[in-house]
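Peer 1: Quick one: the structure is below, and I'll ask about it shortly.
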Amino acid sequence: MWSAASGTLTDQLVVLVHGAMDRSAGLLRLSRRLDTEFRVVRYDRRGYGRSSAVGPPWTVDANIADLRDLIEREQHHRGGGPAIVFGHSFGGNIALGLADRRPDLIGAVVVYEMPMSWLDTWPNNSAGAAAMAAPDASDAAEAFIRRLVGDEAWDRLSPAKQEFRRAEGQAMVAELADLRMSAPWTPARITVPVLAMYGETGRPHHQTAMRGLPDLLANGQVCRVPEAGHAGPHTHAEAVGAAVSAFIGAQ
């Protein structure tokens, strides 16, 4: 699994976990904001970017195991205590899944607009659900990206880049289908502090899910990012980073 670590001022490990059809580069701006204070690690999840050859299985459990292995390696080579994990979108479920299974590795979790698609109330017209209605995984990947960034941004990609991104659809479809089956974490088992973040212009179901998440947890709080949408960690990295930094500092 490819990863990149940044120089830091403290030994506190902060791991950034990207969402579906993204890669570590999507969290680069947030990483640069945080690595002035912490030891930041970001990585391409299995099936994406420089880890596109990894997998199957492209399941939530496999992704949780990857995150566990990464944190254990960092602790072994560099020392330090439990990690703070930031999960964007699908990555939030990976972060909470590890907090459920291995709370000894996790000091706190931050999730930004994490999907809770196993809920009966989750809309059938969400980006993930809409993409999965496409004829095959490659078409699903293209539909997902077009919905998130727009047709013009997709059309600006070279044919080779488009095909590379379309090939990532296998991982996306598998992991999103797995997530819809059941929750990968149990609220009563999440004992670490959790910050649920959402963008002011985010879709209503994401806002509702994040506002309600702290009520399910023993130690949860919520934060709204002004003017941000689902891509807030990229487009509003300074505001998101400031909130994450303040949350870590309060622990």
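The values are calculated or read from the model by the stated rules, or taken from the named source; none is laboratory data. A quick note: this is a predicted structure, and the numbers were derived from the prediction, not measured. Positions of Cβ are backbone-derived with ideal geometry, glycine not excepted, and every protein chain shown enters the neighbour counts.
Peer 1: Give me a count of the residues in the range 55-106 that are within 15 Å of the chain's Cα centre (by Cα) and among the acidic types (Asp, Glu).
Peer 2: 2
Peer 1: Further question on the same structure: Can you tell me which of (1) more than 16 Å from Gly91 (Cα to Cα); (2) surrounded by 14 or more Cβ atoms within 10 Å (Cβ to Cβ); (3) free of Cβ contacts under 8 Å to residues at least 60 places away in the same chain is the one Ala177 doesn't meet?
Peer 2: Result: Ala177 passes all but (1).
Peer 1: Condition first: of a type in the set (Lys, Arg), over 22 Å from Asp100 (Cβ atoms) and assigned to a strand (DSSP E or B). Can you find one or more residues in the range 193-204 that meet it?
Peer 2: The answer is no, given that none of the residues of the range 193-204 is of a type in the set (Lys, Arg), over 22 Å from Asp100 (Cβ atoms) and assigned to a strand (DSSP E or B).
Peer 1: Of all residues in the range 189-206, which are surrounded by fewer than 19 Cβ atoms within 10 Å (Cβ to Cβ) and touching a residue at least 12 places away in the same chain (Cβ under 8 Å)? So that I can check it myself, show each step before the final result.
Peer 2: Let us first name the residues in the range 189-206 that are surrounded by fewer than 19 Cβ atoms within 10 Å (Cβ to Cβ), namely 189, 191, 200-201, 203-205.
Passing the criteria: Arg189, Thr191, Glu200, Thr201, Arg203, His205.
Peer 1: How many residues are surrounded by 14 or more Cβ atoms within 10 Å (Cβ to Cβ) and farther than 20 Å from Leu16 by Cβ if we restrict to the range 223-251?
Peer 2: 1
Peer 1: Any idea which residue in the range 63-110 is surrounded by the fewest Cβ atoms within 10 Å (Cβ to Cβ), counting only those that are among the small types (Gly, Ala, Ser) and modelled with pLDDT under 95?
Peer 2: Gly79
Peer 1: Quick test of your reading of the structure: Arg23 fulfils all but one of (1) closer than 21 Å to Pro115 by Cα; (2) in contact (Cβ under 8 Å) with a residue 40 or more places away in the chain; (3) buried (at least 20 other Cβ atoms within 10 Å of the Cβ). Name the failing condition by number.
Peer 2: Failed condition: (2).
Peer 1: Please work out which residue is modelled with the lowest pLDDT, limiting yourself to the range 9-20 and to residues that are buried (at least 17 other Cβ atoms within 10 Å of the Cβ) and out of contact with any helix residue (DSSP H, G or I) (no Cβ under 6 Å at 6 or more places or on another chain).
Peer 2: So, considering only residues that are buried (at least 17 other Cβ atoms within 10 Å of the Cβ) and out of contact with any helix residue (DSSP H, G or I) (no Cβ under 6 Å at 6 or more places or on another chain), the one modelled with the lowest pLDDT is Gln12.
Peer 1: Please return the ranges of helices (runs of 4 or more DSSP H) entirely within the range 1-120 where 3 or more residues are closer than 24 Å to Val173 by Cα.
Peer 2: Qualifying helices (runs of 4 or more DSSP H): 60-78, 90-101.
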